[in-house]
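The structure appears right after this line, and notes come after that.
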Amino acid sequence: MQGLWVYVRFKALQLGTIVDSDGIAAQHTANPIAIYDALNNQLCQLNPAALNQGLKIGMGLAAASALCAELTIIEYDADKESQQLLAIVQQLYGVTADISLDKPDGLYLRIDNMLRLYADIDSYWHTVQTLLSEFHYDYASAYSISAAKVLARARYNRISLEQRNWQQALRRCRLSHSALTEKQVTALQRVGISSFDDLFTQPLSAIAARFDGPMLRYLSELKGERFEQLTLYRPAQQFIRYSELLYEITLAERLLKPLEHLLQMLERYLIQRALVAFDLTVELHLRDKQQQQWQLHSAQGENRTQAWLTIAGVSVERLTLEAPVQGLTLKAQQLSHVVAANDDLFAGKQTQMTTLQLISRLQAKMGKQGVYQLQMAHDHRPEQLNQVVYPADGQWSASQKAPPVFSDRPSLLLKEPIPLTQASKVLTPPERIIAGWWSDSPCERDYFIAQNDEGQYLWVFRDHHNQWYIHGYFA
Amino acid sequence: MSALITHLKNKQLVWQASQQAQTAAAKIATGVAELDQALNGGFPKQGVVRINSVMGIGELKLCMPIIQQRQQDKRQLFVMAPPVQINAEMLIAHDIAIEQVFFVANDDKANQLWACEQCLKSGLCHTVLLWQSKLSLTQAKRLQVAAEQGDCLLLLFEYNSVAQPLPISLSMNLSREQDVLHINIAKQRGGWPVSDLTVKHTLNSIRQRYQTVAQPHTKNNIVALHAQR
C-alpha cells in the first residue's frame with residue numbers, strides 16, 4: 001500500500017502486563033523483574049529496578065541470578081505480547097485509522113491520509129505519542145512499509161515527510177536490521193555487499209542474476225518502488241485484557257488490587273466509546289493451568305472503576321479460590337451504549353446511587369436470585385397468584401392496576417398450606433375458589449378467615465375431603 | 001452539670017423542647033385516631049419503628065396506611081426476608097405500586113442486616129420492612145443512624161420475643177383480643193410511654209360481621225363442596 005507509513009516497535013510489552021501484589025505496574029515497582037527468553041537463554045526485558053541492579057539485556061540466566069538474588073524471572077511468551085499489542089491498537093484506533101499489526105511487537109500506522117485530520121505531522125505524532133506514553137518503543141517513518149520497519153529496528157526514531165531523509169538513513173542501516181534471513185545476508189556478503197549502501201548502488205540486473213524473486217521484490221519494496229499489502233485492523237466490540245501476577249494469591253480479597261488495575265483499563269476503553277458493561281467475567285488462572293470464573297454483574301451497566309470495585313468488593317466475599325491464582329483475565333463481552341438517566345433533579349433527596357446500583361450491590365452479595373419482585377398472575381388460585389420476577393431478567397411487564405375484587409386478602413401467604421391444628425373460630429362466610437381444573441394443580445376450596453386463641457387471623461380453607469388447612473396470615 | 005445533661009441526652013433519657021418541635025412536625029398519621037393521639041401525630045417519618053407481637057394479628061395492616069403515604073415520594077419499598085411470602089394482592093389492595101417493591105431473599109441473619117443497612121443508607125427507599133428478633137444494641141443503633149441518614153422508615157417486626165429496650169424512634173407491643181387491638185407504646189422519642197391503649201382495628205369483612213352481629217344468626221346454608229355427589 002502506497003503512502004507514508006510509520007513503524008512502531010515496542011520494547012518490553014510483556015513486562016508492561018505484569019502487576020505486583022500491591023497493584024503497582026512493573027515499570028514503577030521497586031522489585032527487579034526480568035523476562036527471560038528460554039530459546040536463546042538470555043534476558044530480553046528488564047524493568048528499571050532490574051537495570052539499577054546492574055542487569056543487562058542479553059545476559060544469561062546464571063549471570064543474572066549471580067548479580068541479583070531477588071530477581072523475579074518470568075518466561076517470555078509471544079502470545080501475551082500479541083495480546084498486549086492488540087490492547088494498544090484498540091486505544092490507537094481512536095486517533096488513527098489505518099493500523100496493521102506486526103505480531104508480536106510491531107505496528108504499522110499510515111500517516112499520509114491522517115494529515116487531512118491533523119494540522120501537520122508533528123501534531124499527529126504528538127497525539128499518538130501521548131497514547132503510547134507508558135510504553136517504550138522505537139519508530140521510524142518512510143514511504144515504504146518495509147523500509148520503515150528496517151529503520152525502526154535500527155532505532156532511527158524520527159518522523160518526517162521528506163523523501164530524501166529516510167532514503168539516506170536507510171543507506172546507513174546494517175543489513176542485519178532488514179527482514180532478510182541470515183543465509184541471504186551471508187550470500188550478499190560473499191559477493192561483497194555488506195550494507196544497504198552497497199546494495200542500492202548495484203544495478204538491479206546484477207542482483208537479479210544472483211538472487212531469487214522474493215529477494216528482488218523485497219528490495220524494490222524497500223526502495224519504495226513496489227508496495228506490499230497489509231491487512232488492516234478492525235476493532236472488535238469486546239474487551240479482553242490479561243494481567244500476570246507476581247505472587248500467587250490465595251486470599252480472595254487480595255485479588256481486588258490487581259483487578260483495579262484491569263478495571264482502570266476497562267474504564268478507559270469504555271469511556272472512549274461511550275459504552276457500559278453489564279457483565280464482567282474475571283478468569284482466574286490458577287496454579288497447574290486450571291481456570292476459575294468469577295462473574296460480576298451490574299443491573300444498571302457501569303463503566304467506572306469505582307462502581308465495579310464496589311460490586312467486586314461485595315462479591316469477593318462469596319468467592320472461594322480453588323487454588324492459588326497466578327493471573328487474571330478481565331473480559332467484557334456484552335457492551336451497550338450509555339443511556340443518559342432521566343432523573344428528576346428536584347424530586348426527593350439527592351443520592352449518589354440509583355436503584356439499579358443498589359440492586360446490583362445486593363445481588364453481588366446474595367446472588368442473582370437474592371433480590372426479586374412480585375407480579376400478579378391472571379389466576380385465582382392462591383398458589384399461582386404471586387409470580388417471582390428477577391430484576392436482572394428485565395421481564396417486568398406493565399403493572400396491573402386493577403384492584404382485587406375481594407375485600408380482605410392475607411398479607412402473608414404460605415407457599416404450601418399447612419394443616420390446621422389449633423382450635424380456631426371461623427369469622428366470615430366462605431369464599432369458594434374452584435379453578436385450575438384444566439391443569440395439573442386444580443383447586444377446589446372454601447376459604448374462611450378464622451381467629452385462634454392467640455388472636456391470630458388465619459386464612460384457612462376446607463378442601464373437598466373436609467380437611468382444614470392454614471394458607472396465610474393477616475399480619 | 002452540662003456534662004450530666006450531655007450524658008443523659010446521649011442516653012436519650014432527656015430531650016430538648018426545641019428538638020421535640022421538629023420531631024413532632026415529621027409524623028405520619030396511622031389513621032387510627034386513638035393511636036395517633038398517643039403518638040403525638042403518628043409514626044415518625046424516619047428512623048426505626050419496632051412492633052412486637054404474635055405473627056398475624058394485623059400488625060402489618062396497621063402500618064399499611066403509612067407505607068402508602070410514604071410511597072408518594074417515588075422511592076422504593078424493600079422487604080427483607082419475610083418469614084412467610086408477602087402476598088402481592090394485599091399490597092395492591094392497599095394501593096401500593098408493586099413495581100416499586102423489592103424483596104430480598106436470604107436466610108442468613110447477618111446478610112439480612114447488611115442488606116437492610118445498605119438499603120437504609122442509600123436514600124433510595126422510603127420504607128424498609130425487616131423481620132428480626134433479638135437485635136443487639138449496636139445493631140439497632142446502626143440501623144437507626146442509617147435510617148435517619150437515608151430519610152427512611154424501618155419497620156421492624158419482632159415475633160414472640162421479649163422486647164428489650166433499644167435506642168430507636170418508636171417501640172410498640174401489640175396483642176389482639178377478637179376485634180380489639182391492645183397497644184403498649186413502650187418507648188417513643190419525644191413522648192411518654194402509653195400503656196394499655198385499646199383500639200378497635202380489624203379486617204373489613206370482620207368489621208361488617210361485628211356490625212351485623214345483633215341480627216339473629218342465619219342458619220348454616222352453605223352448600224358443601226360436591227354436594228351433588
Could you check segment A:357-390 and list, in sequence order, the residues that are in a helix (DSSP H, G or I), touching a Ser or Thr at 6+ places or on another chain (Cβ under 8 Å) and at the interface with chain B (Cβ under 10 Å from one of its Cβ atoms)? A:Gln357, A:Leu358, A:Arg361, A:Lys365
Restrict the check to segment A:138-152 and report whether at least one residue is farther than 28 Å from A:Leu43 by Cβ, in a strand (DSSP E or B), modelled with pLDDT under 90 and outside the structural domain of A:Tyr269 (by TED's automatic domain parsing). yes
How about segment B:42-80: which of its residues are touching a Lys or Arg at 6+ places or on another chain (Cβ under 9 Å) and among the hydrophobic types (A, V, I, L, M, F, W, C)? B:Phe43, B:Val54, B:Ile57, B:Leu77
For the subset of segment A:463-475 comprising residues that are touching a Lys or Arg at 6+ places or on another chain (Cβ under 7 Å) and part of a strand (DSSP E or B), which member is nearest to the other protein chains (Cβ to nearest Cβ)? A:Asp463
Within the group A:Gln189, A:Gln229, which residue is among the polar types (S, T, N, Q), over 29 Å from A:Leu13 (Cα atoms) and exposed (fewer than 15 other Cβ atoms within 10 Å of the Cβ)? A:Gln189
Scan the strands (runs of 3 or more DSSP E) fully inside segment A:1-118 and keep the ones with 2 or more residues being within 30 Å of A:Tyr143 (Cα to Cα). A:5-10, A:99-102, A:106-110
Pairing a residue in segment A:1-29 that is within 17 Å of A:Leu51 (Cα to Cα) and outside the structural domain of A:Tyr218 (by TED's automatic domain parsing) with any residue that is buried (at least 22 other Cβ atoms within 10 Å of the Cβ) and modelled with pLDDT of 85 or more, where Cβ atoms lie under 7 Å and the two sit 6 or more apart in sequence or on different chains, gives none
By residue number, the members of segment B:105-137 that are at the interface with chain A (Cβ under 9 Å from one of its Cβ atoms) and of a type in the set (Gly, Ala, Ser) are B:Ala105, B:Ala115, B:Ser122, B:Gly123
Listed by range, strands (runs of 3 or more DSSP E) wholly within segment B:33-121 having at least 1 residues that are closer than 21 Å to B:Ser195 by Cβ are B:47-53
Evaluation of B:Phe102 against (1) within 11 Å of another protein chain (Cβ to nearest Cβ); (2) surrounded by 21 or more Cβ atoms within 10 Å (Cβ to Cβ); (3) in contact (Cβ under 8 Å) with a residue 40 or more places away in the chain (one fails), failing number: (3)
I'd like the full set of residues that are farther than 13 Å from A:Pro410 by Cβ and facing another protein chain (nearest Cβ under 7 Å), limited to segment B:64-91. B:Asp73, B:Lys74, B:Arg75, B:Gln76
Residue selected from segment B:40-63 under the condition hydrophobic (A, V, I, L, M, F, W, C) and under 15 Å from B:Ala146 (Cβ atoms), by the criterion nearest to the other protein chains (Cβ to nearest Cβ): B:Val49
Total residues in segment B:138-172, condition part of a strand (DSSP E or B) and more than 13 Å from chain A (Cβ to nearest Cβ): 6
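The values are calculated or read from the model by the stated rules, or taken from the named source; none is laboratory data. The shown structure was predicted, so the numbers you read here are calculated from the model rather than taken from an experiment. Positions of Cβ are generated from backbone atoms using ideal geometry, with glycine treated the same way; all protein chains shown enter the neighbour counts.
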